[in-house]
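As structure tokens, the structure follows; a few thoughts come after it.
The values are calculated or read from the model by the stated rules, or taken from the named source; none is laboratory data. Just so it is clear, the structure is predicted and the values come from calculations on it, not from any experiment. Neighbour counts run over all protein chains shown; Cβ positions are idealised from the backbone, glycine included. Side chains are part of the model used for accessible areas, which takes the heavy atoms of the whole protein and leaves out ligands, DNA and RNA. Shrake-Rupley method; radii C 1.70, N 1.55, O 1.52, S 1.80 Å.
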Amino acid sequence: MVNMKKKRRNPSITTSSMSDIGFLLLIFIMLISLMNQRYEEKINYSESTVLEKTQANSNFEIWIQKNGIVSANGKELDSLALERAIVSAISENQNVRIHVIADKDTPYKYVNSVVSVLQSLQHRVVSFVVKEKS
């Protein structure tokens, strides 16, 4: 009789799938961080000595560039599209605060056109965003 012993293998954990899981987590984190980025135009802010801070999570920002281009949420808007965007933001959140952010060199007529849209909608919670005068 031949003595045949079964060789016992040491248990092992495969780690090749760990790199796949780590890679997927990295992609997930990168996508989530991109979704939370705030849209912003490059402008020179007007300055003020008196400031009031507002909550950032319930704002609808309207950007006005010095050449008169009006945008919100990264999209250029005419007055009709701006009105629709404001109505949509108000319908989603009744307590939304409209922030008008204009370059300090923007002619008044462009700011007034945005204010006229807000007046026609009778929206009363509006802030003009400025930076603190140093």
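Residues in the range 84-91: is at least one at pLDDT below 65, farther than 18 Å from residue 128 by Cβ and of a type in the set (S, T, N, Q)?
No: the range 84-91 contains no residue that is at pLDDT below 65, farther than 18 Å from residue 128 by Cβ and of a type in the set (S, T, N, Q).
I need the full set of residues from the range 105-122 which are open to solvent by less than 30 Å² (accessible area, probe 1.4 Å) and assigned to a loop (DSSP other than H, G, I, E, B), in order please.
Passing the criteria: only 106.
Is it true that residue 62 is surrounded by 12 or more Cβ atoms within 10 Å (Cβ to Cβ) and modelled with pLDDT of 80 or more?
So residue 62 fits the description; yes.
Which ones in the range 123-134 are in a strand (DSSP E or B) and more than 13 Å from residue 62 (Cβ to Cβ)?
The answer is 131, 132.
Grab the strands (runs of 3 or more DSSP E) fully contained in the range 65-104, keeping just those with 2 or more residues being buried (at least 17 other Cβ atoms within 10 Å of the Cβ) and free of Cβ contacts under 8 Å to residues at least 60 places away in the same chain.
Fully inside the range 65-104 and qualifying: 70-72, 97-102.
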